[in-house]
1. Under 19 Å from the Cα of LYS70, which aspartates and glutamates turn up, not counting those fewer than eight places away in the same chain?
2. In percent, what relative contact order does the range 25-124 have, based on Cα pairs under 8 Å that are 6 or more apart in sequence?
3. Ordered by residue, what ³J(HN,Hα) values in Hz, to whole numbers, does the range 63-71 give under the Karplus form 6.51 cos²θ - 1.76 cosθ + 1.60, where θ = phi - 60° and Gly and Pro are x?
4. Search the structure for amide H atoms under 5 Å from the amide H of VAL98, placed 1.01 Å from N in the peptide plane, and list their residues when 5 or more places away or on another chain.
5. Using a cut-off of 17 Å between alpha-carbon atoms, which aspartates and glutamates can reach LYS96, once sequence neighbours fewer than 8 places away in the same chain are excluded?
6. Can you put SER27, SER87, SER36 in order of Cβ neighbours within 10 angstrom, beginning with the fewest?
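Bear in mind these aren't lab numbers, they're just calculated from the coordinates by the rules spelled out. Nothing here was measured: the structure is a model prediction, and the numbers come from that model. Glycine gets a Cβ as well: all are built from the backbone with ideal geometry, and neighbour counts include every protein chain shown.
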Amino acid sequence: MIHRALLTGLTSIFMLTSAAAIADPASDEKAKKMASNAGCFTCHSLKHQEAKDGSKPIGPAWEDVSVQYKNKPGAADFLTRVVLEGSNPYSSHWNKKVSGIAMPPNAVAITEGDARQVVFWILSLK
């Protein structure tokens, strides 16, 4: 019983401090820089934008990703894996919403730790 309460308390503290760190403007800029250095902005934008010519973006806007995955158990782990390993073009829920077929693997462009930080930042977006 004590172990469960301790674990719950520690998890809550970790989640609150992680959220606070991500909400920090300096952390936001650091995550943007990591994403930029890894080439993420080639396919993704921060905010959802409708193209005037009706074309679809290559990848989903990160605000849309945040809405899709916010508060889903395991979302950060899943998205970090997608960043590093790529996605399956046959099971994408972004089908017909973006022009890209699948996300390519990016393990050569970004470390797992940096990818996880970027994912946590994306999930913190409103």
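1. ASP24, ASP28
2. Dividing the mean separation by the residue count of the range 25-124 yields 34 percent.
3. In residue order, the calculated couplings are 4, 5, 5, 4, 4, 5, 10, 4, 6 Hz.
4. For VAL98, whose amide H was placed from the backbone, there are no distant partners under 5 Å.
5. GLU50, ASP53, ASP64
6. SER36, SER27, SER87
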